[in-house]
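Q: There's a structure below that I have some questions on.
The values are calculated or read from the model by the stated rules, or taken from the named source; none is laboratory data. For clarity, every value in this text was computed on a predicted model and none was experimentally measured. Here Cβ is always computed from backbone atoms with ideal geometry, including for glycine, and neighbour counts include all displayed protein chains. In case anyone asks, the SASA skips ligands and DNA or RNA and just uses the protein heavy atoms, side chains included. Shrake-Rupley method; radii C 1.70, N 1.55, O 1.52, S 1.80 Å.
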Amino acid sequence: MGKAVGSEKLGKLYDGKMQVFKRREWRGLRDTLYDYWRWLKIMGMLSAFLCHPKNIKGFFRYRWMINYLAVPMMIDKHARGLRGPQLRICRMEYDLVASDVAQLLTAIFKVDQNLGAKPEASADVVLVDENEMTNILCGFPNLKGRSWETVSCYVAVLLMQDAAYHYLDVVQECGLPGDVCPMPAMEAGVCIDGDMPVFGKCAVQCNTTCDGSLLGNGVISRALERNGIPVFQLATPLRHTEPGVQEYAAQEIRNAIKFIEDQTGEKFDWDAYFECAKRVNIGARECTEWLEMTKTDYPQIIGNNILLYRETEYMAISGKVAAFAKTDVEITKLARKAWENKTMLAKEYRHRAVIWGVQSQFYTDILAWMLNCWGILPLFDMLTMVSLDPISEDDKEQAIYDMAHQYENMIMRNRTHGGYEVLLDDLWRYCDEYRADMVILWEHISCKALDGMHGLFEEQAREKGIHLVWVNHQLFDSRVVPRVSLRQDVNRYMRNVLNEEPIDPSLEEIDDTNLW
C-alpha cells in the first residue's frame, strides 16, 4: 500500500461485519492527511447542522432523516482508490453538494408546519419537483425554490441502500403495483405515510420522465392542495427534438412564471435571471472542457467525479449559487494540470465505457468498483449528457426559449422522451466521439421506456462491435436486485465473454452487505 494509484488492495479493506471497513484507505502521507482533513470538515458541517433546534426536531420527526448519518461514508466510497488531483476534485465536488443539501434541509425545517412553523413562514417559498429544472426561479431573487422530495427520497437512497424500503411497502399496501418505478413510488409513499414536510406558498410540478412520475405527482399535488398550497402543472412537450413544439414549450414557461407571480405577488426580475444565466454558461463551458479531456487517452473528470455533481449543478442549482461556478473553474485548473502530467485514475485502463440508461441510485459507486477491479474507464453516464448549449445573457425573448429548452432536456427525461434518436443514435455517436469500446447499460427492470428497446441495443451493438454489458437493478430497491448481483453481471461478462482477469482480484468478490 502507498501513494501510487492501484497500490492498495481495496478488497482487503472490507470487514464483512458490522464495522464494514477494517480501516481507512492509505493513500500516502499527503493524500491520506488531505482526505482525513476533508472528512473532518464534513463531520464539522454535520455537527453544525445539528446545532439548529429545528434540525434536531426534524431528525426525530422524519424517518428518512436517519439516512443522513451516512453522509461521510457516502463520500468516502465515491473517493475510493483516488489519489492526487482526482481525490481533490472528488472531495471539492461532493463536499459542496453535501453543504448545499444541508442548507436545503435547514431551510425546509425552518418553515415546516409539521415542526411548528406558521403557514406565513413559507410565503416566499415555491415548491418544485425532485426531478425538475429550477431555472424559472432564477428570475425571482426574493423567492426560494425548495424540493422536499430531493432530501427525503433522492439523496436518502444515495446515502443508504435501504432508505426506500418502508415507503415502498407503504405505497404497495395502498394498492400501487409493485412494478412501478420505485422513485415516484417512494415519493408517493412518503406522502401517504405522513413524512412529507408541509410548507410553501405554491408549487410547480412538471411531467418529468414517465407515467409513474405523473402518478406520484397526482398523489403529492392532492396532499399539497389539501394543505392550501396551489399547484401548477407545467406540461413540457415530450417530442422535445421537434421544432414544431418549441412555441408551445415557451408558452408553458410563460404560464408558469405568471402563476408564480399571481400566487406570490413577486414580479420576474430579468437582471437577476441573467446573472444566473452567466453562471449557467460558466458551468456548461467548464463541463465542455472536462469532456474534451475525456476524449483523449488521459481523461480526468469521469464517472463519479462528474456524475452527481453535474446533475446537482444543472437542475437544482441552475446558476443560483455562485460557489458552484467558482468551483467549476477550480476543478478545471486541477484537471488541466493533471492532464498535462498524464495522470491516471487507475494503474491500468483496459476499456473505455459509456454508462447508459437509468442508473442504480443505491449503488452509484459501482463505477469506482469497475475502474479499480476491471480497469473499465467510466467516461460519463447518460444523465451527465444534458444540454451544454449556451443560454442568452441579455435577450428576454430568447431566454424564455432557453428555459423551455432546459426543461425539455432535464436529466433522464431528455433520453427517455424525444424519440429513437436521443436514446440509441446518440449513444453510438458518443461511442465514436469518445472512442468507447464498451457500453455499461443499466437495465432498470421497472423502467418500461428502456426495457422495451433491449433487442435494438443488442442488435446495434453487435453491428458496431461494441461490448454491451447489461447490469440489472431496481433503482431504489436493493431487495429485488442486491449490490452483489450488479457486480456479478459485470464479473460474468468480463470473465466468460472477454476472458479477462481482474486488475485487483481482491475486489471481485467482496462482502459489502453492511455498507451503508
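Q: In this structure, is VAL170 free of Cβ contacts under 8 Å to residues at least 40 places away in the same chain, in a helix (DSSP H, G or I) and farther than 17 Å from CYS210 by Cβ?
A: Yes, satisfied.
Q: Just give me the residues in the range 492-516 being touching a His at 6+ places or on another chain (Cβ under 9 Å) and farther than 19 Å from ALA346 by Cβ, in sequence order.
A: Answer for the range 492-516, where residues must be touching a His at 6+ places or on another chain (Cβ under 9 Å) and farther than 19 Å from ALA346 by Cβ: just VAL497.
Q: Where the second residue is at pLDDT 95 or above and outside any helix (DSSP H, G or I) and the first is of a type in the set (Lys, Arg) and open to solvent by 10 Å² or more (accessible area, probe 1.4 Å) and lies in the range 52-78, which pairs have Cβ atoms under 7 Å and are six or more apart or on separate chains?
A: ARG63/ASP195
Q: Moving on. Pairs needed: first member in the range 444-459, more than 18 Å from GLY418 (Cα to Cα) and modelled with pLDDT of 85 or more; second member anywhere, assigned to a helix (DSSP H, G or I) and open to solvent by 20 Å² or more (accessible area, probe 1.4 Å); C-beta distance under 9 Å; at least 6 residues apart or different chains.
A: What qualifies is HIS444/ASP451; ILE445/ASP451.
Q: Taking the range 412-439 on its own, how many of its residues are among the β-branched types (Val, Ile, Thr) and at pLDDT below 85?
A: Of the residues in the range 412-439, 1 are among the β-branched types (Val, Ile, Thr) and at pLDDT below 85.
Q: In the range 375-494, which helices (runs of 4 or more DSSP H) lie fully inside it and hold 1 or more residues that are within 30 Å of LEU10 (Cβ to Cβ), open to solvent by 50 Å² or more (accessible area, probe 1.4 Å) and of a type outside the set (Asp, Glu)?
A: Output list reads 483-492.
Q: Checking the conditions here, which among GLU225, GLU266 is farther than 18 Å from GLU132 by Cα and surrounded by 14 or more Cβ atoms within 10 Å (Cβ to Cβ)?
A: On inspection, the qualifying residue turns out to be GLU266.
Q: Look at the range 358-406 and say how many of its residues are more than 30 Å from GLN474 (Cβ to Cβ) and of a type outside the set (S, T, N, Q).
A: Adding up the residues that qualify gives 16.
Q: Scan the range 163-207 for residues that are surrounded by fewer than 20 Cβ atoms within 10 Å (Cβ to Cβ) and of a type in the set (Ser, Thr, Tyr) and jot them down.
A: Hit for the range 163-207 is TYR165, nothing else.
Q: Any residue in the range 316-333 that's in contact (Cβ under 8 Å) with a residue 40 or more places away in the chain: show its pairings with residues that are among the polar types (S, T, N, Q) and outside any helix (DSSP H, G or I) at Cβ separation under 8 Å, as long as the two are six or more apart or on different chains.
A: Once the first residue is in contact (Cβ under 8 Å) with a residue 40 or more places away in the chain and sits in the range 316-333, its partners that are among the polar types (S, T, N, Q) and outside any helix (DSSP H, G or I) give ALA316/THR134; ALA316/SER147; ILE317/THR134; SER318/THR134; LYS320/THR134.
Q: Right, another one. Give me the helices (runs of 4 or more DSSP H) completely within the range 1-114, filtered to those with at least 2 residues that are touching an Asp or Glu at 6+ places or on another chain (Cβ under 6 Å), ordered by residue number.
A: 71-78
Q: Shifting gears a bit: Please go through the range 202-235 and give me each residue that is more than 21 Å from the chain's Cα centre (by Cα) and among the β-branched types (Val, Ile, Thr), ordered by number.
A: VAL219, ILE220, ILE229, VAL231
Q: Continuing with the same structure: In the range 319-361, what residues are over 20 Å from ARG83 (Cβ atoms), open to solvent by 40 Å² or more (accessible area, probe 1.4 Å) and assigned to a loop (DSSP other than H, G, I, E, B)?
A: Residues satisfying the conditions are LYS320, VAL321.
Q: Of everything in the range 292-303 that's open to solvent by 10 Å² or more (accessible area, probe 1.4 Å) and not in a loop (DSSP other than H, G, I, E, B), which residue is farthest from MET133 (Cα to Cα)?
A: To start, the set of residues in the range 292-303 that are open to solvent by 10 Å² or more (accessible area, probe 1.4 Å) comprises 292-293, 295-298.
Now restrict to residues that are not in a loop (DSSP other than H, G, I, E, B): 292-293.
On the way: GLU292: 25, MET293: 27 Å.
Among those that are open to solvent by 10 Å² or more (accessible area, probe 1.4 Å) and not in a loop (DSSP other than H, G, I, E, B), it is MET293.
Q: Applying the selection to the range 95-142, what residues are farther than 25 Å from MET73 by Cα, open to solvent by less than 40 Å² (accessible area, probe 1.4 Å) and of a type in the set (Asp, Glu)?
A: ASP112, ASP129, GLU132
Q: Now for a different question. Criterion first (in contact with a His (Cβ under 6 Å, 6 or more places away or on another chain), within 17 Å of MET410 (Cα to Cα) and either open to solvent by 30 Å² or more (accessible area, probe 1.4 Å) or assigned to a loop (DSSP other than H, G, I, E, B) (or both)) does LEU214 satisfy it?
A: For LEU214, the condition - in contact with a His (Cβ under 6 Å, 6 or more places away or on another chain), within 17 Å of MET410 (Cα to Cα) and either open to solvent by 30 Å² or more (accessible area, probe 1.4 Å) or assigned to a loop (DSSP other than H, G, I, E, B) (or both) - is not met.
Q: Could you check the range 148-159 and list, in sequence order, the residues that are open to solvent by less than 10 Å² (accessible area, probe 1.4 Å) and among the polar types (S, T, N, Q)?
A: Selection gives SER152 alone.
Q: Since GLN233 meets every condition but one in (1) within 30 Å of LYS258 (Cα to Cα); (2) part of a helix (DSSP H, G or I); (3) open to solvent by 10 Å² or more (accessible area, probe 1.4 Å), which condition does it not meet?
A: Here GLN233 meets the rest and fails (2).
Q: Moving on to the next point. Read through the list (1) touching a Cys at 6+ places or on another chain (Cβ under 8 Å); (2) modelled with pLDDT under 95; (3) hydrophobic (A, V, I, L, M, F, W, C), then give the number of the only condition that PHE232 fails.
A: That leaves (2) as the condition not met.
Q: Separate question: Just to be sure, is GLU275 touching a helix residue (DSSP H, G or I) at 6+ places or on another chain (Cβ under 7 Å), among the charged types (D, E, K, R), within 25 Å of PHE324 (Cα to Cα) and part of a helix (DSSP H, G or I)? Break it down into steps so the answer makes sense when it comes.
A: On the way: touching a helix residue (DSSP H, G or I) at 6+ places or on another chain (Cβ under 7 Å): no; among the charged types (D, E, K, R): yes; within 25 Å of PHE324 (Cα to Cα): yes; part of a helix (DSSP H, G or I): yes.
Against the criterion (touching a helix residue (DSSP H, G or I) at 6+ places or on another chain (Cβ under 7 Å), among the charged types (D, E, K, R), within 25 Å of PHE324 (Cα to Cα) and part of a helix (DSSP H, G or I)), GLU275 does not qualify.
Q: I'd like to know if the range 131-150 contains one or more residues that are over 16 Å from the mean Cα position of the chain (by Cα), in contact (Cβ under 8 Å) with a residue 60 or more places away in the chain, part of a helix (DSSP H, G or I) and over 25 Å from THR327 (Cα atoms).
A: For the range 131-150, residues over 16 Å from the mean Cα position of the chain (by Cα), in contact (Cβ under 8 Å) with a residue 60 or more places away in the chain, part of a helix (DSSP H, G or I) and over 25 Å from THR327 (Cα atoms): absent.
Q: Can I ask one more? Taking the range 188-211 only, how many residues are small (Gly, Ala, Ser) and assigned to a helix (DSSP H, G or I)? Full working, then the answer.
A: In the first step, residues of the range 188-211 are kept if they are small (Gly, Ala, Ser); the result is 188-189, 194, 200, 203.
Restricting the remaining residues to those that are assigned to a helix (DSSP H, G or I) gives 188-189.
The number of residues fulfilling the criteria is 2.
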